[in-house]
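Accompanying notes for the structure given below.
The values are calculated or read from the model by the stated rules, or taken from the named source; none is laboratory data. Computed from a prediction, not measured in an experiment: that's the story for all the values here. Note that each Cβ is placed from the backbone with ideal geometry, even for glycine, and that neighbours are counted across all protein chains shown. SASA here: full protein model, heavy atoms, side chains in, ligands and nucleic acids out. Shrake-Rupley method; radii C 1.70, N 1.55, O 1.52, S 1.80 Å.
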Amino acid sequence: MTATIIDGKAAAAGVRARVAEIAADFAKRTGRQPGLATVLVGEDPASAVYVRSKGKATSEAGMASFSHKLPDTTSEAELLALVDQLNRDDAVDGILVQLPLPPQIDASRVIAEIDPAKDVDGFHPVNAGRLATGLEALVPCTPYGCLYLLKQQLGSLAGREAVVIGRSNIVGKPMALLLIGESATVTVAHSRTKDLPDVVRRADIVVAAVGRPEMVKGDWIKPGAVVIDVGINRIPTDDGKSRLVGDVDFAGASENAAAITPVPGGVGPMTIAMLLRNTVVAAHRRAAMPDPEGV
Ligand code: NAD
């Protein structure tokens, strides 16, 4: 079998187009654009690229983008004061503090300070708890994007065997909760899992979120499974340059899977699309309007 390649760029473009319609409608009805504030502390080049592309995508969707850049010497108290100011600002519907933060700042304290209604990353313990208990929540963007791709590919996920590799708060755990919410039968594998290949072999759905280049081998994939590769790993090439690969051996897995996401161009574009989606959803909820449809 040769797998269908799941086009995350196309799916993300669809979500972003719908978000732009929703944002325009919101602006017409309320007299203001939905707004996203991004906060970047320090000079980490990858973080700077992420924050820039998030800001650009926000403006392209017809939303207000507020960008805050702080030096890497910023104290925790200074960052908490900015978060407090953004919490109180009515033009701001979503607050994104780019991680990682410099060592003098405790990320969990900063996340806990964000108003849960503006927590468009879905990392606040209130949103994590609401997701875990099946209540309305703001859901972390990357796993939400993975779920979108899975449902687009498979329709109902009920009763399917899903294996999530990785148990981080950002990807693995919320992914598992979303799959449980869709009535899949879910196994969470992690660094202490025994016989990972055997665990993966029983999966109809594999979500890999580990951060180890091409760790998941092609012969671990059950014929006909759908594979979502969250990993983004940069590896050196023979010509002295580098390239991006996922956590899954793409060529090997493509021989068994029914469908698979590429890296890049799979999950990555969905993360930003879902951030924009969460921002318009947060704007509607804060304005006591029903959730927008179609995203
Ligand atoms: P993390 O380091 O927080 O968690 C990695 C998880 O993998 C841990 O739970 C660990 O138990 C598990 N693990 C480690 N070694 C393992 C092994 N040998 N076998 C099985 N499990 C193992 O990472 P994260 O933040 O969840 O990110 C995971 C990957 O996804 C990274 O490559 C990251 O860059 C990528 N990522 C991509 C996006 C995106 O937008 N596409 C977003 C977030 C993260």
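Points to keep in mind about this one:
- For segment 216-295, trypsin sites (Lys or Arg not before Pro) meeting the loop criterion (DSSP other than H, G, I, E, B) and having at most 12 other Cβ atoms within 10 Å: Lys241.
- Approximate spin-label separation Ser191-Asp89, in nm, with each point projected 7 Å along Cα-to-Cβ: 3.7 nm
- Reduced Cα scattering model of segment 186-295, Debye log10 I(q)/I(0), q = 0.12, 0.16, 0.23, 0.24 Å⁻¹: -0.54, -0.79, -1.16, -1.23
- Axial C-alpha extent at least 30 Å, average Kyte-Doolittle at least -0.5 - helices from the chain (DSSP): 8-30
- Mean Cα-pair separation over length for the chain, i.e. relative contact order, pairs under 8 Å, 6 or more apart, %: 22 percent
- Three-way shape label, segment 225-271, alpha-carbon gyration tensor, a/c 1.5: oblate
- Segment 26-98: projected area of the alpha-carbon convex hull, averaged over directions, in nm²: 4.7 nm²
- Label-point separation, Asp198 to Val126 (7 Å along Cα→Cβ), nm: 4.5 nm
- Residue pairs, from the table Lys69/Lys151; Lys9/Lys241; Lys118/Lys151; Lys151/Lys241; Lys28/Lys173; Lys118/Lys194, whose Cα atoms sit over 29 Å apart: Lys69/Lys151; Lys151/Lys241; Lys28/Lys173; Lys118/Lys194
- Residue-averaged [θ]222 nm for the chain, counting only DSSP H segments that reach four residues, each worth -39500 (n - 2.57): -13000 deg cm²/dmol
- Gap separating the Cα centres of segment 221-272 and segment 170-213, nearest whole Å: 16 Å
- Checking every one of the GluC sites (Glu not before Pro) in segment 26-99 against DSSP loop status and a limit of 15 other Cβ atoms within 10 Å picks out Glu43.
- Within segment 135-235, GluC sites (Glu not before Pro) in DSSP loop having at most 16 other beta-carbon neighbours inside 10 Å: Glu136
- Surface share of carbon and sulfur [accessible, 1.4 angstrom probe, percent] for segment 85-221: 50 percent
- Whole-Å semi-axes of the ellipsoid equivalent to the chain (Cα gyration tensor, √5λ, descending): 32, 22, 18
- With only the Cα atoms considered, segment 140-248 has a convex hull volume of 110 Å³ per residue.
- Centre-to-centre separation between the Cα atoms of segment 23-39 and those of segment 74-117: 21 Å.
- Surrounding net charge for Ala203, when Lys and Arg each add one and Asp and Glu each subtract one, Cβ distance under 10 Å: +2
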